[in-house]
Amino acid sequence: MARVVVDVMPKQEILDPQGQAVAGALPRLGFEGVTSVRQGKHFELEVDDDVDDETLERIAETLLANPVTEDWTVRRVTVESADGSVAGAV
Amino acid sequence: MRVGVITFPGTLDDVDAARAVTTAGAEAVPLWHGDADLRGVDAVIVPGGFSYGDYLRCGAIARFAPVMGEVVTAARGGMPVLGICNGFQILCEAGLLPGALVRNSGLHFVCRDQWLRVENTTSAWTTRYDRGAEILVPLKSGEGRYVADEATLDRLEGEGRVAFRYVGENRNGALRDIAGITDERGRVLGLMPHPEHAIDALTGPSDDGLGMFLSLLDTVVTA
């Protein structure tokens, strides 16, 4: 098994009112100095070892993200199991 | 004449869509999301609601429902398809219409009677209207802001595919005030406002929405 992380973000040119709302709330709570917030989605997938990169890319493009409005990145991450051994590739 | 109305888990407006079809003088045929079967209908309506709870993105899961595969194939073959609100979002996700619907620019869920200007009177769903006519129909959506890249917007305008535009204040921030668009052939129409809620003055703000369903009858009967 491998863990795959897919991060999906609204494209830069797409208005992100949710991020703006968060950015607007921070000063009201007393947090200064945050000039911009953009809000996206973070997916963690546990996948079998024989799932190749091309398949992962297709998963992201067809379902997890809408290519019209969103950009995405796919990466495999190292998973440390309960017994301390390290599995997966970075 | 038979018009299919799809029900997904979370669909809300299938009953009103079927009522609009019946009021216009056609037979409404219920279609189930899990059946890859259009039951021999002449046209399909993808109604509003919150299919699959709007999980992931509005319409992103519904797009892969078995019935939608049949709808996409039929639409590519020229069958008239109307997507209302969540149905519009589903048709965009399915690639039958360009662009996408994203969160309203003000973040507020907009629920109001909305004036629209009719800009296309040649599509399968709009022939009963006069060009430039203003109609009053309910708008109720949180993710109704139409977006597409500039080239797509220019192409839609150049090809006369902007069917409806918001008149007055544009509450969701839709680019170029776009409320509804058609596909290249004018057979597929998607719009955020709800014509099926405006088919008689007893239950809606007007009967202005009925024209879309009557237009479809003309289209199919004269085909």
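The values are calculated or read from the model by the stated rules, or taken from the named source; none is laboratory data. Computed from a predicted model, the values in this text were never measured in an experiment. For neighbour counting, all protein chains shown are included, and Cβ atoms are generated from backbone atoms with ideal geometry for every residue, glycine included. The accessibility values were calculated without ligands, DNA or RNA, using every heavy atom of the protein model including side chains. Shrake-Rupley method; radii C 1.70, N 1.55, O 1.52, S 1.80 Å.
Data for the structure
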| quantity | calculated |
| --- | --- |
| Unmet criterion (only one of (1) facing another protein chain (nearest Cβ under 10 Å); (2) part of a helix (DSSP H, G or I); (3) at pLDDT 95 or above) for A:Gln20 | (3) |
| Selection count where residues are out of contact with any helix residue (DSSP H, G or I) (no Cβ under 6 Å at 6 or more places or on another chain) and either under 11 Å from B:Pro193 (Cβ atoms) or surrounded by 15 or more Cβ atoms within 10 Å (Cβ to Cβ) (or both), scope segment B:161-172 | 6 |
| Top-ranked residue of segment B:118-139 - restricted to ones that are in a strand (DSSP E or B) and surrounded by 19 or more Cβ atoms within 10 Å (Cβ to Cβ), ranked as nearest to the other protein chains (Cβ to nearest Cβ) | B:Leu139 |
| Options A:Phe43, A:Phe31: the member that is of a type in the set (A, V, I, L, M, F, W, C) and over 24 Å from B:Cys92 (Cα atoms) | A:Phe31 |
| Any hit, segment B:76-89, residues being among the small types (Gly, Ala, Ser), modelled with pLDDT of 95 or more, on the phi < 0 side of the Ramachandran plot and open to solvent by 60 Å² or more (accessible area, probe 1.4 Å) | yes |
| Check on B:Leu156, farther than 25 Å from B:Leu31 by Cα, more than 12 Å from chain A (Cβ to nearest Cβ), at pLDDT 95 or above and open to solvent by less than 10 Å² (accessible area, probe 1.4 Å) | yes |
| All positions within segment B:172-195 that are in contact (Cβ under 8 Å) with a residue 60 or more places away in the chain, part of a loop (DSSP other than H, G, I, E, B) and of a type in the set (A, V, I, L, M) | B:Met192 |
| Test for B:Asp207: is it without any contact (Cβ under 8 Å) to a residue 12 or more places away in the chain and either under 18 Å from the mean Cα position of the chain (by Cα) or in a strand (DSSP E or B) (or both) | yes |
| Among the candidates B:Leu116, B:Leu153, B:Leu101, B:Leu139, residue that is over 22 Å from B:His197 (Cβ atoms) and of a type in the set (A, V, I, L, M) | B:Leu153 |
| Candidate set: segment A:25-80, residues that are assigned to a strand (DSSP E or B) and within 14 Å of chain B (Cβ to nearest Cβ); chosen: the one nearest to B:Leu56 (Cα to Cα) | A:Lys41 |
| Given (1) touching a Pro at 6+ places or on another chain (Cβ under 7 Å); (2) at pLDDT below 95, index of the condition B:Gly209 fails | (2) |
| Residues of segment A:1-17 satisfying the condition of being within 12 Å of chain B (Cβ to nearest Cβ) and not hydrophobic (A, V, I, L, M, F, W, C) | A:Pro10, A:Lys11, A:Glu13, A:Asp16, A:Pro17 |
